[in-house]
Amino acid sequence: MAKRVLLVDDEPDIREVAQVSLEMVAGWTVLTARSGKEAIAKAIAEEPDAILLDVMMPDMDGPTTFGRLQAEPKTRAIPVILLTAKVSAADQRRFADLGVRGMIPKPFDPMTLAQQVERILGWAG
Amino acid sequence: MTLITSRAKILAVLLLILIPLVVLGIVLEANVERQRAATKELRQAFEVVSLASTLAGRLADMQVSVEGVFITGEEVAARELERDYVTFLVGVAGLRRMVSGERADRLARIEDGVRAWRQGAASATLLAIVRGRWPEGVRLGRQARAEMENLREGMLGFIRAQEQELAGRTSAQDDAQQRAVIEGALVVLAIGLGAGLLLLVGRIRAKRVLVESEGRFRALFEAAPIAYHEIDTAGVVRRVNRAECDLLDYGPDDLLGKAVWEFVAPELRETVRAAVLRKLALQQPLAPFEREYVRRDGTRVTVEIHENLIHDRAGHVAGIRSALLNITERKSIERMKDEFVSVVSHELRTPLTSIRGALGLLAGGLLGPVSERGQRMLGIAVSNTDRLVRLINDILDIERMESGKIVANKEACNLAELLVQAGEVMRPMAEKAGVTLTVVPLAAHVWADPDRLLQVFTNLLSNAIKFAPAASEVRLGGVLEGEEVLLRVQDQGRGIPPDKLESIFERFHQVDASDSREKGGSGLGLAICRSIVAQHAGKIWADSVLGQGSTLCVRLPVLRRASVSRVPLSAPPGRVVLLCEEDPEVRQSIQGMLERGGYSVRVSEAGEDAVQLARAERPAAILLGFLASDRDDWTTLGRLKEEAETREIPVILLSSPAGAMRPLRSSDRVAGRLLRPPDEENLLRVLQQAGAGRTMQVVVVEDDADLAQILLAIFQRHGAAVRHAAGGREAIRLCQENPPDLMVLDVGLPDGDGFSVVEGLRGDPRLRATPLVVYTGQDLSPADRERLQLGQTEFFTKSRISSEELEGHIVGLMRRLVPNQGERESEDGEACPAGG
């Protein structure tokens, strides 16, 4: 069965590119959210197989969103991968502390995005 | 006046010796002269006296002659008289020559008197006798006698006077001699005084100069624009200058007399205290370091501290002088710069993501066919976007490296593997450029960060391939040169002009403005390589022949094999336990336990053997099996405690529960007691309690240098042997080398995460049950706590715990793992009252 992935990013262009990439390259079903708030709501409602989460978002940033997702029993077990341009060592440490499954840096190669997700989550290719 | 130079000093001393000698010589000479003259005069005076005495005798003779006329007759008398008279005259003449002045006059008078007497009374007397007029003769004779008496008196008076003078002269002579001696002594004294004065003056001057220079120093110290303070050997502030007071916003009275660590942030106080005391004890000031102080109003300042030891006159360490540079602003600027770079790079990356994404999808043909031209255009767009991304990455990289943020995680790397890997990564690019890539692996090991080294190799290869003409060869290889390895990337491109060989390693420098930019370089590659190579204590440079090609060389220190080999598991040497246990099963079982606990075991029978073996081997502890009723065992114990060489070795008794062993007394001096057969844990614990145990081994895994220092200090303070790993890979390596008794792990690590460390350790049966303290920045979910369990695991959140609390917890943990000698009872193993 095709994987269902929730994509969270405040930049519409990035959302579109990523969605096209995952849908066309891997054939996954892609749900999108514009903000942390929307992400949580959608995650609870749709229970996706994975969440691709941008870090820098206004209002509620990635880490905070992740925290809320973890607090919510319905979404606690959904693996989360951070999609981010913040790649300094300090940031990486912060993310590792959080407990997310992994991190994909921006800009990403749209042709291999799905592959990277699979590798991190241990999904069969 | 300037200080006396040492040459001048020597000259002065020489003069100081010569001049008095000369002066002394002159004075002595003068004295001798005087002496001689005086002696001469003295002699003369004696002669005068002597002659005068003779003359006086002559006068007497003359008188006798005259009076003898009555007996001898006129002729004889006259003759004798004449003789004496002439003699007298001659003598007096001579005498008159010897004297002068008043004395000469006196003599002259006497002479005249004698002449007058001769011609007068003497002559008349003689005449009277000749004429036969005896009574007249007698009368005249008497007159003559009376006159002569006078004259003789005069002569005698002259002699007396002369004698007096002589006496005076003699004493004067003595006086003169005395004076000479005194003079000599005075001269020497004077010289001594002179020299002394000179030295004193020199000293005073030197002292004045010193005081002046001290004054200047103090003025400098006081007025310096840099904050200074001096602390004594107890860490108490003894001197501060104005700048220091300004820096900390305290008056001098508030600072003086306080310990220097009172002014740092409270959470750092302990660490700073320990560090300062250690520095004073070891007498090694640190290279410049940073520290945060707290001002009076509570704000913080970051300072860079440069230190020097202060020595007292005897040469002992009397304290530390520190110069503090306020780098708060610099730090904040650095932080701002980092933030700026980070934010900017993020801001740049975001739109790039969209561009790259869109282009990528198009170029990948996912969205429908694209004309050939279109494909080409898209290719251009994609590659340039990639180039932009690389540029941003490189800028970030080099910015972080230069500001020291990137800590290389070094480990033992197999160079051959890295070289081959680099080759593999660059092969596609080489193929596309039509360049033959040859990699000659070199079997060697280096201590390096493999990712960074790979970055260097791929970078160099990338450059080489870019500049190599089609169908040429690019070669990657190396040679071993003694303690170093020399790696080379050779190409057959157009070469590098000699004046550019250095500057190509600078940022954004291209050999030729026209080319490499076309080829997609960011201009930072070689600068990054240089940074990385520098981090690995190596050298990188370029050799080139214009028109023929270039060789990029990297020199790195080689890792000697010995340091890579695994450290054996056993305890440090010296942990020998002597086991005296007759029951073979129990003995074997205990031996196994001891060996597992890291001890070496020596076995012996009880009795004399045990004592001898103990004397020879000096084990860390003796396990003595007791058969309750056997008196021999007590004897053995007694013997062990009697012998000076074995008295101090802790003895642990192994007794049977059923045996009726009398209760132990402190006089038995037994260190512990176990029931036979002992439980492994108890055995090791009692051994530890008895003082035979190993030092506790701890591994701290923390990449934040400051925090690591604090943790290391805590453990060292409590007597553990602590090792530090800044990254996950290193942590695993340390644990594998020598399994620790406890590990402290910061979950957020740069290279892997804390999770992967735990996972790695869990895979090793030896390390699976390592007690673990997890120290994390943010709360962990229960799921994550699951993932982080090893042996007994505890969790602390950084922001919720102060370092004192952390220390308390850690100490508690240490105690629970390995109880110290304070504890006592337990069920089947007990420590004995103090004195054992």
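The values are calculated or read from the model by the stated rules, or taken from the named source; none is laboratory data. Here the structure is a predicted model, which means the values were calculated and not measured. Positions of Cβ are generated from backbone atoms using ideal geometry, with glycine treated the same way; all protein chains shown enter the neighbour counts.
Entry remark, segment B:313-362: residues being farther than 30 Å from B:Val303 by Cα and either touching a residue at least 40 places away in the same chain (Cβ under 8 Å) or facing chain A (nearest Cβ under 7 Å) (or both) number 12 in total. B:Gly68 passes every criterion in (1) closer than 17 Å to B:Ala144 by Cα; (2) touching a Phe, Trp or Tyr at 6+ places or on another chain (Cβ under 8 Å) apart from (2).
Just for segment B:468-490: of the residues that are buried (at least 24 other Cβ atoms within 10 Å of the Cβ) and more than 51 Å from the chain's Cα centre (by Cα), which one is farthest from B:Leu552 (Cα to Cα)? If you could, list the steps in order and put the result at the bottom.
Taking segment B:468-490 and keeping what is buried (at least 24 other Cβ atoms within 10 Å of the Cβ), we get B:468, B:474, B:476, B:487, B:489.
From what's left, more than 51 Å from the chain's Cα centre (by Cα): B:468, B:474.
Details: B:Ala468: 13, B:Val474: 11 Å.
Out of the qualifying residues, it is B:Ala468.
Residues in segment B:138-164 that are acidic (Asp, Glu) and surrounded by fewer than 18 Cβ atoms within 10 Å (Cβ to Cβ) were compared, and the one that is nearest to B:Val66 (Cα to Cα) is B:Glu149.
Okay, residues lined up against (1) modelled with pLDDT under 90; (2) more than 27 Å from B:Asn384 (Cα to Cα):
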position	(1), (2)
A:Pro48	no, yes
A:Leu52	no, no
A:Thr64	no, yes
A:Leu69	no, yes
A:Val80	no, yes
A:Phe95	yes, yes
A:Val100	yes, yes
A:Ala114	no, no
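Counting only residues that are outside any helix (DSSP H, G or I) and in contact (Cβ under 8 Å) with a residue 40 or more places away in the chain, segment B:436-465 holds 7 of them.
Among the residues making up segment B:270-310, a single one is over 17 Å from B:Leu707 (Cβ atoms) and aromatic (Phe, Trp, Tyr): B:Tyr293.
Would you list the strands (runs of 3 or more DSSP E) that sit entirely within segment B:276-350 and hold 3 or more residues that are among the β-branched types (Val, Ile, Thr)? Please lay out each step first, then the result.
Working: elements: B:289-294, B:300-311, B:317-326.
Hits in segment B:276-350: B:300-311.
Answer yes if at least one residue in segment B:176-197 is surrounded by 15 or more Cβ atoms within 10 Å (Cβ to Cβ) and not hydrophobic (A, V, I, L, M, F, W, C), and no otherwise. Yes, there is a match, as at least one residue in segment B:176-197 is surrounded by 15 or more Cβ atoms within 10 Å (Cβ to Cβ) and not hydrophobic (A, V, I, L, M, F, W, C).
With respect to B:Arg296, is the statement that it is charged (D, E, K, R) and within 30 Å of A:Thr112 (Cα to Cα) true? In short, no.
Given B:Pro428, B:Pro369, which one is surrounded by fewer than 19 Cβ atoms within 10 Å (Cβ to Cβ) and assigned to a loop (DSSP other than H, G, I, E, B)?
Numbers: B:Pro428 fails: assigned to a loop (DSSP other than H, G, I, E, B).
Only one candidate passes the filter, namely B:Pro369.
The sole residue among B:Leu81, B:Leu18 that is touching a Ser or Thr at 6+ places or on another chain (Cβ under 6 Å) and among the hydrophobic types (A, V, I, L, M, F, W, C) is B:Leu81.
Of the set (1) touching a helix residue (DSSP H, G or I) at 6+ places or on another chain (Cβ under 7 Å); (2) more than 13 Å from chain A (Cβ to nearest Cβ), all apply to B:Gly374 but (1).
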